[in-house]
Amino acid sequence: MRNASWLCWRPGIRLQLTLWYALVFTLLMVCSDFLLYMRLQSSLLESLDATLHLRAQQVADDVVNEQGTLAFQQTTKGLPGFGLDETKYGANPADVNFGTIVRVLDAHGQVVGVTPAFRMLRISVISVNSPLHGTPWQGSVQDEGGQAVRLYSRALLKEGKPVAVIQVGASLIQVQRALSIVLLILLLGAPFVLGLSALGSYALATRTFRPIDRLIRSAQRIKAGDLRQRVPLPLAHDEVHRLALTLNEMLDALEHAFTRQQRFVSDASHELRTPVAAIRSVTDVALLEPLSQEEYVTVLRTINMEAERLGSLISELLELAHADEGQIALQREPVNLDRLVEAVVANAKPLAEERQLHLEVEILAAVIVEGDEARLIQMLLNLLANAIQYTKPGGHVTVSVQAEQQQAVVRVRDTGIGIAAEHLPHIFERFYRGDAAHAPTSWGSCGLGLAIVEWIVRAHRGTILVESQPGQGSVFTVLLPFV
C-alpha cells in the first residue's frame, strides 16, 4: 500500500516549477561548464603551441648549413645534453617534465642533434616525413612512462628545399594540472550552485504564487455565501490580473444569476399560489352550504378557468427551464415570414374584435427566414397578446413585415398605455409586469410571454427592440437574418 501511495503522489505546482527550474539550470550549467572546459583546454594548447613555434624558430635561427653539413650556434649547442654523444645521457636531465625537448634531423632523416629528454619520446614517422614534404606537423605524443608531450615539427628551408627538420616539444603536465584543478572546482561547485538555484527557484515560485494564494483565500470567503465580494486585483497587469478580472466577471454573472433565480422562484411561487388560492376559495364557499345547479356550474367553470391558467403557467415554466438547459432543439427550415404573419393575424382577429380593437397587417416585402415555424408562431402570438392586453377598447394594433439591410423586420405597434422608461430595461425579465395594475384587461398574462419571445428571438440569432412612451403606445421590433 505504501508503494501504491508513492505511485499516486503528484508534486504541487511550486515543487514542479522548482524541479523544472533545477533541471533546466543543471543542463545549462553542464553545457556552459563543458564549453568553458573545452575553451580553456584549447586556449592552453594554443598558448603552448605558440611557445613551441617560437622555440622552433629560435633553433632554426641557430642552425648553420656549412657545405652540406649542419652546425649549431652557441645557444642551441649549449642546451643541456644536446648532441649525439650518449655518454652524456646520464649526466643530463632526461625527464620530459623538466628537460629541454629538442631534436634536429638532416634532409635524409638522420639525427644531427637531440636532447636527453627527447630520447624518452615515442615518435611517429609522420612527424618527420610531413615537414620534409612541406607541411609542418604538431600533435601529442607520449614518453616511455606514458606522460603526454606536445610536439611541433617544421622544416628548415634553403632555396626552397628542406635541409633540416626541427622538432621541439613541451610536457603537457602543467596543462593537465590546470585542467584538473578547473574540473575539480566545477565538480565541487556544481552541487552548491544547484542547491542555491533550487532554493532560489522555490522562493521565486512562492513569490509568484502569492497573488494566487490571495485569490484562493478570497474565493474561499466568497464560497461561504457572500457573492457580493470580489477578489482583489493585483497591481501588475499580468496573467494573475487577467485571472482576477475573469473571476470577478464570473462572480458578477453568478450574483446576477443567483439574484434572478431567487426572484424567479419567489415570483413563480406567488404566481402558482394565486390560482391554487382561487380554487381553494371557491371550493370552500361551495362546501359551506348546498348550492343550486347553476351555482355549481359557475363554481366548476371558475375552477376550470383557474386550472387552465395554472396548467398554462406550468407549461411556460417548463419550457423556459428546458430552454435554459439547452434541451429545446429548433427545427430549422425556410419560412415565408410574410405569409406566417398574415395567418397569425387572421387567427388573432376574433380576439381583437372581442376587445373592440382594430387589428391590421402590413406586408411591405416578401421575406424568407430560416427558423422553427412553430416557435415563430408562438413569438408572434405572444407579441399580439401583449399588445391586445395593454390597449384600451377602440385602439389600434398593427403588424408590419419588411426587409431592411439583409434582415427581416417585424414590427408590432399598438396605441396602448405604453411603458414607462424605468420599466423598459426589465420587460423581458420573467414575471415582470411593471404596468400590470394599469392594464385595461386582466386576462391571460403571468409575466412570461415576453421572456419567451426574447428567448425565441435569440435562438433564431435575431434581435428584439422596444420603443414606448406612456400614453402613446409601444413598438416591438424583431430583426431576423435572411436565409
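Since every read-out is calculated from the coordinates, none of them should be taken as a lab result. This one's a predicted model, so the numbers in the text were calculated from it and none came from an experiment. Don't worry about glycine lacking a Cβ; one is built from the backbone with ideal geometry, like all the others, and counts go over all protein chains shown.
Using the Cβ-Cβ distance between Arg214 and Leu23 with R0 = 25 Å, the FRET efficiency computed as 1/(1 + (r/R0)^6) comes to roughly 0.30.
The mean sequence distance of close C-alpha pairs (under 8 Å, at least 6 residues apart), as a share of the length of region 16-178, puts its relative contact order at 20 percent.
In region 16-178, a dipole from Cβ-located charges (positive for Lys and Arg, negative for Asp and Glu) runs towards its positive end, and of Phe118, Gly78, Gly145 it is Gly145 whose Cα lies farthest in that direction. Would you mind classifying region 16-178 by shape? Square roots of the alpha carbon gyration tensor eigenvalues, ordered a ≥ b ≥ c; an a/c under 1.5 is rounded, otherwise it is prolate if a/b is larger than b/c and oblate if not. It comes out prolate by the Cα gyration axes. If you sort the three axes of the alpha carbon gyration tensor as a ≥ b ≥ c, you get a/c of 1.5 or more for region 107-146 and a/b no higher than b/c, which makes it oblate. One chain, two ends: Ser180 and Gln16. Fully extended at 0.36 nm per residue, the span grows by 55.5 nm beyond their Cα-Cα distance. Computed from backbone phi with θ = phi - 60° and the Karplus coefficients 6.51, -1.76 and 1.60, the 3J(HN,Hα) list for region 180-185 is 5, 5, 4, 5, 5, 4 Hz; x is used for glycine and proline.
Taking amide H atoms as placed 1.01 Å from N in the peptide plane, the amide H of Glu362 lies under 5 Å from those of Val399, Ser400, Val401, each 5 or more residues away in sequence or on another chain. Whole-Hz Karplus values for region 284-293 come out as 4, 5, 5, 7, 5, 8, x, 10, 6, 4 Hz, taken residue by residue from phi with 6.51 cos²θ - 1.76 cosθ + 1.60 and θ = phi - 60°; glycine and proline positions read x. Model label sites at Thr302 and Val64, defined 7 Å from Cα along the beta-carbon direction, differ in position by 15.0 nm. You can think of it this way: the chain between Leu243 and Ser47 has 64.7 nm of extra reach, that is 0.36 nm per residue less the Cα-Cα gap.
Taking 7 Å steps out from each Cα toward its Cβ at Glu404 and Ser315 produces label points 3.3 nm apart. A viscosity of 1.567 mPa s and a temperature of 4 °C, combined with the Kirkwood radius over C-alpha pairs in the Stokes-Einstein formula, give region 333-481 a diffusion coefficient of 85 µm²/s. Between Arg122 and Glu289, full extension at 0.36 nm per residue minus the direct alpha carbon distance yields a gain of 46.5 nm. Computed from label points 7 Å out along Cα-Cβ, the spacing between Phe258 and Leu194 is 5.0 nm.
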